[in-house]
Each structure stands twice: as structure tokens, then as C-alpha cells.
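Following: one structure in C-alpha cells, then a few remarks.
The values are calculated or read from the model by the stated rules, or taken from the named source; none is laboratory data. The shown structure was predicted, so the numbers you read here are calculated from the model rather than taken from an experiment. No Cβ is skipped: glycine too gets one built from the backbone with ideal geometry, and neighbour counts run over all protein chains shown. These area figures cover heavy atoms from the full protein model, side chains too; ligands, DNA and RNA do not enter into them. Shrake-Rupley method; radii C 1.70, N 1.55, O 1.52, S 1.80 Å.
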Amino acid sequence: MTLTWIVLACLAGGVLSVGAAAFALLMRARWVPMLVSFAIGTLLGASFLEVLPHAFREGEPQEVAAAILGGILGFFLLEKLLLWRHSHEHGDGDAPTHHHEHSRAGLLIVIGDTVHNFVDGVLIAAAFLQGPELGVITAVAIVAHEIPQEVGDFLVLLHSGYARARAFALNIVSSLGSVAGGVAGYYLLEGFQAWEPILLGVVAASMIYVAVADLIPGLHKRPELRDTAQQALLIAAGVGLILLLG
């Protein structure tokens with residue numbers, strides 16, 4: 001019965017998060033570049049205000065810091081691998097296209113979001129093993145802070161050049177990571193508790209890397225004062241929403 005509660009809670013959380021992100025399907029395409037700034041705010045807010053404080057509370061600071069550093073280097077090498085593959089397929093003399101540059105950010109955000117959802121599933125399992133009331137409260141809290149991040153991730157996928165249907169499908173697939181984490185946590189909780197801070201460090205690294213290395217440089221292509229003010233306000237709004245729900 002406990003396992004059933006865990007799976008149902010993880011599925012419900014995934015449905016609500018994906019449903020919240022689905023509102024982006026109704027947005028006009030010209031809004032997406034503007035809302036990338038909001039996505040940057042949610043990514044940085046979630047990493048620095050939610051994920052990292054939890055990781056440092058649960059683990060050794062040096063181990064968490066090493067996981068963040070290793071994660072950033074790992075995503076750098078993964079992006080280089082994608083660049084090498086593109087160069088190998090299309091010829092060394094071909095420069096990466098604008099679409100290909102953005103598609104890398106989309107792939108990285110899907111990987112990071114799947115790991116994040118997996119860790120959330122482990123946390124939900126741990127709570128339900130203590131009791132159904134604590135499990136429900138924990139699941140609601142996790143879904144509440146996940147919703148703005150899922151919306152931000154969906155916007156990144158749209159900005160990366162993915163069709164809306166494909167971005168929605170990838171969002172659904174990554175949300176299933178919480179179900180896998182919930183089942184794994186139910187059977188292997190003690191082992192995952194030891195790795196949780198390190199996994200959270202990698203999750204934070206993925207968010208920081210995508211926001212700083214792939215998304216923020218695009219904002220600098222619009223240096224006008226009005227555009228800069230708009231970008232800063234939307235980044236602040238994304239951070240503020242994470243802070244409010246956190």
C-alpha cells in the first residue's frame with residue numbers, strides 16, 4: 001500500500017507540473033525569447049535557493065562543492081561531445097548553426113530535469129515511509145516548488161528550437177523520473193540517502209550551466225537599455241517566484 005501511495009503521489013506531481021508547463025503551448029511564438037529571461041530566473045533561483053541549500057544541509061560541503069564542480073565540467077564535456085558529433089556529421093569546416101547551438105541547451109536541461117525529478121521521487125518515498133500524512137505534505141511541497149521550474153524548462157526547450165509537441169513529450173518523459181525515483185527509494189532508500197547530496201549538486205550544476213553558459217549569452221545580443229531592463233525584471237520575477245513558493 002505504501003508503494004502504491006508513492007507511485008500515485010509521484011504521478012500526480014508529474015501531471016500537475018506538466019499541466020502547468022502546458023500553458024506555454026498557448027503562448028505566441030514571439031513571446032518565447034522574451035520569457036527565456038524568466039526561465040533563467042527560475043533555473044538560478046531553484047538551484048541557489050532550493051537545491052543547493054538542501055544539498056549542503058544533508059551532505060558534506062566539500063563533497064557537494066566537488067559534485068557541483070564535476071557536474072559543470074561534465075556538462076561542458078557533454079556539450080563539446082555534441083559539438084564534435086555535429087562537426088563530424090557535417091564536416092569540420094561547418095560552423096554550428098543557430099538552431100544546433102540552442103538544441104544543446106535543450107538536451108542538457110532534459111538530462112538535469114530528469115535527475116532532479118528522480119531525486120524528488122526518492123524524497124517522496126522517504127516521507128511516505130515515515131507515514132502517509134508526511135508523504136502527502138512532502139509531495140505537495142515538492143510539486144509547488146517544481147511548477148515554476150518546469151515552466152522554465154519548457155520555455156528553454158521551445159527556445160532551443162524544439163516543436164511544441166516534442167517539447168511537451170520530453171517534459172512528460174523527464175517527469176517520469178520521479179516515479180522511477182519513488183520506486184527506487186522505496187526499495188533502496190538507505191543507499192540513495194548517501195548519494196542524495198551529490199545528486200543534488202549535479203542537478204544544481206546542470207541548471208547553473210544551462211542558464212549561464214547557454215541562455216545568458218543570448219541576452220547580450222540585445223544590449224539596448226529597454227531590453228536589458230526587461231530582461232532583468234523577468235529574471236528577478238523568476239527568482240522571486242521560486243523564493244515565494246519555496
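Here are a few things to note about the model shown:
- Cut-off 12 Å between beta-carbons: net charge of the residues surrounding residue 54, Lys and Arg +1, Asp and Glu -1: -3
- Dipole magnitude for region 172-246: computed about the Cα centre from +1 point charges on Lys and Arg Cβ and -1 point charges on Asp and Glu Cβ, it is near 260 debye.
- Exposure ranking of 116, 159, 220 by accessible area [1.4 Å probe, largest first]: 220, 159, 116
- Entry comment: accessible area of region 99-246 is 44 Å² per residue, from protein heavy atoms only and a probe of 1.4 Å.
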